[in-house]
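The values are calculated or read from the model by the stated rules, or taken from the named source; none is laboratory data. Worth saying up front: this structure is predicted, and the values here are computed from it rather than measured. A quick note on method: Cβ atoms are made from the backbone with ideal geometry, for glycine too, and the neighbour counts reach across all protein chains shown. Note: accessible area is taken over every heavy atom of the protein model, side chains too, but ligands, DNA and RNA are not part of it. Shrake-Rupley method; radii C 1.70, N 1.55, O 1.52, S 1.80 Å.
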Amino acid sequence: MSQLVWLVTGCSSGLGEQFVHSILARGDEIIATGRNIEKLKHLEQAGASVLQLDITDSQQSIRSVIDQATSIHGKVDFFVNNASYISIGLWEDLEYEDYLAQFDTNVFGTIKVTRAISPHFRQRKAGTLVFIGSLSGWIGHPGVSAYAGSKFALEGVVEALHQETAHLGIKTLLIEPGRFRTKLLSSENMKAARSSIPEYQSFSQNLLDGMAKEDRAQPGDPVKLVEIIIDLVRREGIAEGKEVPFRFPLGADCYDDIKTKCEENLKLLEEWKGIIRSTDY
Ligand SMILES: NC(=O)c1ccc[n+]([C@@H]2O[C@H](COP(=O)([O-])OP(=O)(O)OC[C@H]3O[C@@H](n4cnc5c(N)ncnc54)[C@H](OP(=O)(O)O)[C@@H]3O)[C@@H](O)[C@H]2O)c1
């Protein structure tokens with residue numbers, strides 16, 4: 001395959017940073033973006049083009065960065081919506097503003113950057129949009145409502161986008177990782193609200209202790225994850241000659257938990273089928 005151009009958001013750490021190294025190793029070009037350009041210097045030295053992009057910026061300013069990105073190599077073939085953060089806290093401890101901020105980055109930021117690149121793909125009748133969803137787009141774990149809500153929302157908006165644009169030659173891939181060893185749960189990147197409500201305090205303490213223990217001890221290897229995503233996008237390696245599905249969970253925890261949820265839903269549908277189907281005129 002000839003040299004292809006990738007554009008990735010949130011490259012200062014974790015999966016984004018790994019995308020840069022793995023894409024360069026495959027011989028492709030990458031435009032790595034991040035909200036703090038200083039944190040991308042080492043990636044520029046490694047061979048990436050770098051641009052400052054905070055996905056919560058205005059639509060207009062995001063459009064101008066994306067225009068700059070498409071002009072670097074004259075095109076972008078693959079766009080990875082990766083930037084995000086996790087907000088932890090129980091319903092009553094999270095403020096309305098915490099939910100707004102979580103959705104502003106994970107949902108509305110993702111929508112804005114995708115809207116900015118979409119005309120480029122539509123005009124070329126080519127391109128792949130990759131979205132990094134989550135197991136939290138399937139399951140709302142306690143204490144993770146804001147993040148899970150944002151990832152559930154992403155599932156819906158991206159599924160609709162996929163169906164609207166497939167006929168234009170645009171491919172969409174929604175990756176749903178389980179727990180992977182990145183900086184997502186680090187004290188630096190994770191936003192956590194400790195409970196001030198007596199009824200929740202011990203649950204909240206256990207949750208935060210659990211997150212601290214899990215940080216950088218997650219079972220998933222980000223290198224393996226990113227290599228598989230690149231194969232899926234480039235239709236090579238594990239994806240060679242295969243029909244790549246729109247939705248792709250990755251991680252042993254994802255397999256187990258999604259399967260359980262699907263089985264529970266099928267059971268519910270069968271058990272209550274008569275009632276569920278009884279409401280038409
Ligand atoms: N690791 C997991 O277990 C896991 C599981 C499921 C899904 N995911 C998803 O994987 C993706 C990558 O996360 P990660 O695990 O690699 O975590 P990470 O190491 O914390 O990386 C997150 C990246 O997003 C960037 N970011 C946050 N807000 C941004 C904004 N407003 N504009 C631009 N960049 C922003 C961060 O930049 P700064 O350095 O500037 O903060 C950082 O580069 C996310 O979508 C996450 O939800 C991760």
Subject >> Unmet criterion (only one of (1) within 14 Å of the ligand (Cβ to nearest atom); (2) open to solvent by 80 Å² or more (accessible area, probe 1.4 Å)) for residue 149 >> reply: (2)
Original post:
Is there any pair linking a residue in the range 11-34 that is under 16 Å from residue 183 (Cα atoms) to one that is crowded, with 24+ Cβ neighbours inside 10 Å and acidic (Asp, Glu), with Cβ under 6 Å and at least six apart or on different chains, and which?
Top reply: 11/17
Original post:
Any idea which of (1) open to solvent by less than 80 Å² (accessible area, probe 1.4 Å); (2) assigned to a loop (DSSP other than H, G, I, E, B) is the one residue 281 doesn't satisfy?
Top reply: (1)
Subject >> Selected residue (criterion: farthest from the ligand (Cβ to nearest atom)) from residues of the range 229-259 that are closer than 17 Å to residue 182 by Cα and surrounded by fewer than 18 Cβ atoms within 10 Å (Cβ to Cβ) >> reply: 252
Original post:
If you check every pair at least six apart or on different chains, which have Cβ atoms under 9 Å apart with a residue in the range 255-281 that is under 25 Å from residue 133 (Cα atoms) first and a residue that is open to solvent by less than 100 Å² (accessible area, probe 1.4 Å) and assigned to a helix (DSSP H, G or I) second?
Top reply: 257/135; 258/135
Subject >> Given (1) surrounded by 18 or more Cβ atoms within 10 Å (Cβ to Cβ); (2) more than 12 Å from the chain's Cα centre (by Cα); (3) within 11 Å of the ligand (Cβ to nearest atom), index of the condition residue 154 fails >> reply: (2)
Subject >> Long-range neighbours under 7 Å by Cβ, at least six apart or interchain, first residue away from the ligand (no atom under 16 Å from the Cβ) within the range 162-184, second part of a loop (DSSP other than H, G, I, E, B) >> reply: 162/246; 168/125; 169/125; 169/126; 170/127
Subject >> In the range 22-40, the residues that are within 13 Å of the ligand (Cβ to nearest atom) and either open to solvent by 20 Å² or more (accessible area, probe 1.4 Å) or modelled with pLDDT under 95 (or both) >> reply: 35, 36, 37, 38, 39
**OP:** Can you tell me which residue among 61, 87 is closer than 28 Å to residue 193 by Cβ, within 13 Å of the ligand (Cβ to nearest atom) and either in contact (Cβ under 8 Å) with a residue 40 or more places away in the chain or open to solvent by 40 Å² or more (accessible area, probe 1.4 Å) (or both)?
**Re:** 87
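Quick one: which of 70, 56 is open to solvent by 20 Å² or more (accessible area, probe 1.4 Å) and touching a His at 6+ places or on another chain (Cβ under 7 Å)?
Working: 56 fails: touching a His at 6+ places or on another chain (Cβ under 7 Å).
Going through 70, 56 in turn, just one is open to solvent by 20 Å² or more (accessible area, probe 1.4 Å) and touching a His at 6+ places or on another chain (Cβ under 7 Å): 70.
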